[in-house]
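Visitor: Quick one: the structure is below, questions incoming.
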Amino acid sequence: MVKNKEVSIEGALHLAQKEVYAEKDPQDLLTGSQFNFIIYKYKHYRWQKRILQLDFSSRTIFNIEKGTIRKQFPFSQVRGCEDSERRRFSILFHGRQHYELEAVSLEDKRKVGLRVPLSVQSSSPEAAGRLRREWLSLLGRHCQPGSAAPLPLQGSAGRSSPEADYEECVAPLSEQREETARCGGGSARSSLRNPAEPAEGQAAPAAALPPALGRAQVPPAPPALPQPCSVPPAAKRTKAFHWDLVPWDKIQKSVWGSCDPCKRKIDVCRLCEQFQIQDTAVPSGTEPPVNQHILLDRKVAHNFNIFLKSFRVKPSELKDKLFIIHEESGGLTDEQITALRRYLPTPKDAERYLSFKGPCSELHVVDQFMLEMCKIPQLGQRLDLLLSIRELPESIRDLEPLIAQNIQASKQLQSSPKFVAVLEYILAMGNHLNEKAGKEVAKGFRLSSLAKLSLLRGRDRTFTLLHALVEQILSHQPELATFPQELTEFEAVPDASMKGLSAEVDVLRKELENLIQCRRLLKPKASKATPQESQFCKELKDLIQKYEGDLSQLSKRCEEMKKLYSNVLVRFGEPADLDSQELFGWICSFICEFRKACAELTP
């Protein structure tokens, strides 16, 4: 493909890497029931990192942030997936705002696109097969060769042959070529001459010429040369102070009417020095002209140019910056890496820029950066590696306390006899009421029923079943009223859910695998490695080994968390697919309402 110029070398390497990753996948996307993808969601003028989980068992899309399920959408609300430029895409919904997202790679974007829209893919195989047969039938019916009649051309009335229309359309062009050849290969201007224009060798009438050319005149003498003068140096620009002006009709009645700023002496040199605009990273040292032609797509170039105005790195320095892992050592910031990833050159961009043969100084600063980015091998993988190597330890540190909190909450539920005794009180009171109401006696109830205690009101509308529970406990076993002391982790709703934390750990594991793959791909040969590259590879190897150990410990804690939580579900008779965010939320709300009822009943 490279030899036939169908794809560039960079594109061929990218395709080969995608095939390696595809072989490593446990099956294909069609075999799993739950898929986790790192995405970036645009919110509050910045891109925020999220996990997009497609759960086919519950037929729901989850938006997860640091282990917490922020939003969830049933498949029935999803209309489809819309592709956008580069790594961006949108998930379309029925009756609500669309999600504008950005994938971390084009491969992830493709995988998400394979799963959305979900209405057909989550349906039964019979329904999908029936829909496929209907599509094939429609295509076969309407796409047969010769089924569409040719449309007649204008001015060909009475003709039945499309070849005749073609001849009529082509004939004037051939006649024009012959006429051009007879004129001896004149300029393009002769081929566009009006038929009424006189031929060469004939004098044109004076009336047909413009007034300036109709008569010969002696041109006037040129004006005298101006006196030489000294050209003042270009004034240095300063930052503007965007203040709010007082309207003119209010000036006279305010203090501004008598103000005279000329009376105040200021050090203008000092002021200009303090607020002078620094030159951007343009190698020529001058601001490029506004109407200078840019090779890049206009919309992308406009946004990229805005970013470059705050990017204090010259194009020639970009490659060296990619060998510095940490920001404090002089490397790029996380925001700069994220922005550069967003403007990675496409294969078409690379082909266009690498074929440029002129001097780089003549290019716009946007084109200079794009040209430099096209020259850096595996630029996308390098930027992904830098961002992942920085985000991975931070993500591990964020997840450790959340997993520990869920582990402790499960342990407290397992070892709290007072909470079980309170549940027994609720069961006894509920069975008594239901028996008197003519309903069956229950053996147990789900913890979601705890939220309904405050909804059942007595004859006194201010007295609820929760108040009755507190009253019964204080009368017979007042020590049970202190059961919240055994459940200290439920003082507030736990920040993260079991489902979200498991998805976070799964994504971190995949990120570490991608880091190892990128390191192997970018590792230079020992004979050709520069000292800077060798140092970079050594630091990268040490960091990956450290992160492997940290992630291994985090995975063990995550497995412990899931095992303890499954025991909690069994202990209280809850379904196995119930997420901890719901269960813990019920218990937390019950504790808050129980304390409030205690305060209302105790003098």
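Visitor: How much space per residue, in cubic angstrom, does the convex hull of the C-alpha atoms of the range 298-376 take up?
Guide: Normalising the Cα hull of the range 298-376 by residue number yields 97 Å³.
Visitor: Also, I was wondering about something else. Can you run phi through the Karplus equation (6.51, -1.76, 1.60; θ = phi - 60°) for the range 389-397 and list ³J(HN,Hα) in whole Hz, with x for Gly and Pro?
Guide: Ordered by residue, 3J(HN,Hα) equals 5, 8, 6, 4, x, 5, 5, 5, 5 Hz.
Visitor: Given H placed 1.01 Å from N in the peptide plane, which residues other than close sequence neighbours of Phe463 have an amide H under 5 Å from its amide H?
Guide: The list, which skips near neighbours in sequence, is Gly458.
Visitor: Pairs to check: Lys49/Lys452; Lys66/Lys375; Lys41/Lys528; Lys314/Lys523; Lys436/Lys562. Give those whose C-alpha atoms are more than 31 Å from each other in this structure.
Guide: Violating the 31 Å Cα-Cα cut-off are Lys49/Lys452; Lys66/Lys375; Lys41/Lys528; Lys436/Lys562.
Visitor: From the C-alpha gyration tensor of the range 417-601, pull out the three semi-axes of the equivalent ellipsoid (sqrt of 5λ each), sorted largest to smallest, in whole Å.
Guide: 54, 16, 13
Visitor: Dipole size in debye (nearest 20) for the range 380-503 around its Cα centre, Lys and Arg Cβ +1, Asp and Glu Cβ -1?
Guide: For the range 380-503, the charge dipole is close to 540 debye.
Visitor: Taking every pair of Cα atoms in the range 515-603, average 1/r, invert it to obtain the Kirkwood radius, and report Rg/Rh to two decimals.
Guide: Ratio of gyration radius to Kirkwood radius for the range 515-603: 1.40.
Visitor: Please check which bits of the range 78-92 a label hung off Leu131 would reach, taking the label as a point 7 Å along Cα-to-C-beta and the cut-off as backbone N under 13 Å.
Guide: What the label zone holds, given the 13 Å backbone N cut-off, is 78-81.
Visitor: Something else about it: I want to check the label-to-label distance for Arg397 and Leu92. Put each point 7 Å from Cα in the C-beta direction and report it in nm to one decimal.
Guide: Spacing of the two 7 Å Cα→Cβ label points: 4.3 nm.
Visitor: Let me ask you something else. Give me the one-decimal nm value for the distance between modelled label points at Glu82 and Leu245, 7 Å along each residue's Cα-to-Cβ direction.
Guide: Result for the modelled spin labels: 4.0 nm.
Visitor: Follow-up question, since we're still on this one. Rounded, prolate or oblate: which fits the range 398-481, taking a ≥ b ≥ c as square roots of the Cα gyration tensor eigenvalues, rounded meaning a/c under 1.5, else prolate when a/b beats b/c?
Guide: It is prolate, given that a/c is not under 1.5 and a/b is the larger ratio.
No value in this document is a laboratory result; all are computed from the given coordinates. Computed from a predicted model, the values in this text were never measured in an experiment. Cβ sites come from the backbone with ideal geometry, for glycine too, and all protein chains shown count toward neighbours.
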